[in-house]
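The next block holds one structure in the form of structure tokens; read it before the comments.
Since every read-out is calculated from the coordinates, none of them should be taken as a lab result. Predicted model, so just to flag it, every value in this text is computed and none were measured. With ideal geometry, Cβ positions are generated from the backbone for all residues, glycine too; neighbour counts draw on all protein chains shown.
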Amino acid sequence: MIPDYQTLMKPVLRCAAQGEVGISEVVNKLVDEFGLSEEERSELIPSGKQTTFANRVNWAKSYLKQAVLVKATRRGHFVITDRGRAALSNPDIQINNNYLQQFEEFQEFRKRGKDTSVNDNESNENEVATPDEVLRKAHEKINKALAVDLLERIRESLPSFFERLIVDLLLGMGYGGSSEDAGRALGQSGDNGIDGVIDQDPLGVDQIYVQAKRYAEGNNIGPGAIRDFFGALSLKKAQKGIFVTTSAFSPSARQTAEGLGSRIVLIDGDQLAKLMIRYNIGCREEEVLSLKKIDEDYFE
């Protein structure tokens with residue numbers, strides 16, 4: 001299990017007590033000290049630009065710096081202070097946010113970072129999430145609520161609207177190129193079980209056919225529907241098909257699709273909502289928050 005940033009404060013401070021250290025050096029040393037598995041070592045934060053462990057080590061160092069237990073020396077390097085050595089001198093002291101709260105510099109840092117009228121639970125020693133992890137969890141919670149709302153709206157809409165929505169989504173994802181007529185919803189009797197089609201080239205030689213099922217939650221797609229769609233693709237002499245539903249696929253339905261090869265891609269309700277949010281189909285950006293950090297090159 002990857003330790004939280006407060007658990008890492010004391011080990012980071014111990015590293016600094018040995019002399020000037022680089023943050024990358026500390027990360028590598030503590031990875032071995034905590035005996036992390038290969039999976040834990042390589043786990044990335046959502047941006048994909050840093051490992052979760054390195055991110056937490058950096059936050060631990062940052063909080064120690066705000067409380068003046070360590071101080072920066074040069075780019076990416078730091079040393080322990082007299083205050084930090086005093087903290088390490090007592091092995092019974094648990095170094096966490098509650099401990100750092102006794103220092104005026106840390107209190108000022110906390111005041112600068114928040115409205116003091118808001119109840120702040122971060123100083124609680126049981127709080128394990130870093131500030132950026134808290135923000136990402138809040139973002140995830142907002143998106144989950146949005147996904148539920150999107151699926152409810154789709155289930156309340158007409159079947160023809162759902163079919164057009166799927167075509168819009170696939171075009172938004174880059175399927176069909178730039179042709180204005182690259183995607184169209186069929187949605188009429190005699191379509192042989194096909195609800196939409198995406199032309200992959202200007203002449204429509206290469207096409208992707210779509211099946212869309214607007215079902216209520218719990219009304220899952222079974223293997224029979226997959227076989228019917230496969231048959232419809234065969235009648236069209238199509239090589240590619242996408243089956244989309246607002247519900248889910250039963251395990252046997254997924255096994256059936258896998259058994260038919262890579263011709264059929266399955267998209268259930270959860271994945272559909274995530275794709276709609278990612279490509280702004282049925283939703284739009286209300287506010288953009290940017291996470292920024294110190295540009296070490298600038299100060300170097």
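Could you tell me which residue out of GLN239, LEU88, GLN66 lies farthest along the dipole of the chain toward its positive end? Charges go on the beta carbon: Lys and Arg +1, Asp and Glu -1, centred on the Cα centre.
Result: LEU88, furthest along the dipole toward the positive end.
Sort 17-25, 158-166, 53-61 for me by packing, meaning the mean count of neighbouring Cβ atoms within 10 Å per residue, highest on top.
Numbers: 17-25: 14.1, 158-166: 18.1, 53-61: 23.6.
Highest to lowest by the protection proxy: 53-61, 158-166, 17-25.
Once every DSSP H run of n ≥ 4 in the chain is given -39500 (n - 2.57) and the sum is divided by its residues, what mean residue ellipticity at 222 nm do you get, rounded to the nearest 500 deg cm²/dmol?
Numbers: 13 runs with 136 residues, N = 300.
Value at 222 nm, helices only, nearest 500: -13500 deg cm²/dmol.
Restricting to bridges with both residues inside the chain, how much of the DSSP beta-bridge set is antiparallel, in percent to the nearest 5? Present the calculation step by step, with values, prior to reporting the outcome.
Numbers: 14 of 25 bridges.
Approximately 55 percent, going by the DSSP bridge assignments.
Explain nothing, just compute: Karplus ³J(HN,Hα) = 6.51 cos²θ - 1.76 cosθ + 1.60, θ = phi - 60°, for every residue of region 166-175 in order, whole Hz, x for Gly and Pro.
Ordered by residue, 3J(HN,Hα) equals 5, 4, 4, 5, 5, 5, x, 7, x, 6 Hz.
Just to be sure I understand: with springs between alpha-carbon atoms less than 10 Å apart, which residue in ASP32, ASP168, ASP195 has the highest mean-square fluctuation in the Gaussian network model of the chain?
Largest GNM mean-square fluctuation: ASP32.
Name the residue farthest towards the positive end of the dipole of the chain from the options GLY174, GLY19, ILE281, assuming +1 on Cβ of Lys and Arg, -1 on Cβ of Asp and Glu, about the Cα centre.
Farthest along the dipole direction, towards plus: GLY19.
How far apart, in nanometres, would the label points at ALA145 and ARG83 be if each is projected 7 angstrom from Cα along the Cα-to-Cβ direction?
3.8
Which FRET efficiency value, to the nearest 0.05, is calculated for SER24 and GLN107 with the Förster distance at 41 angstrom and r the Cβ-Cβ distance? Walk me through the numbers on the way to the answer.
Details: r = 30 Å, r/R0 = 0.73.
After rounding to 0.05, the efficiency reads 0.85.
Determine the sum of side-chain charges near ILE281: Lys and Arg each +1, Asp and Glu each -1, restricted to other residues whose C-beta is under 12 angstrom from that of ILE281.
Details: positive: ARG153, ARG164, LYS274, ARG278, ARG284; negative: ASP168.
Surrounding charge for ILE281 is +4.
Could you rank the peptides 2-14, 239-251, 98-110 by their average count of other C-beta atoms within 10 Å per residue, with the highest value first?
Values: 2-14: 21.3, 239-251: 19.7, 98-110: 15.2.
Peptide ranking by packing, descending: 2-14, 239-251, 98-110.
Between PHE161 and GLU285, what is the label-to-label distance in nm when each label sits 7 Å out along the Cα-to-Cβ direction?
Distance between the two pseudo-spin positions: 2.6 nm.
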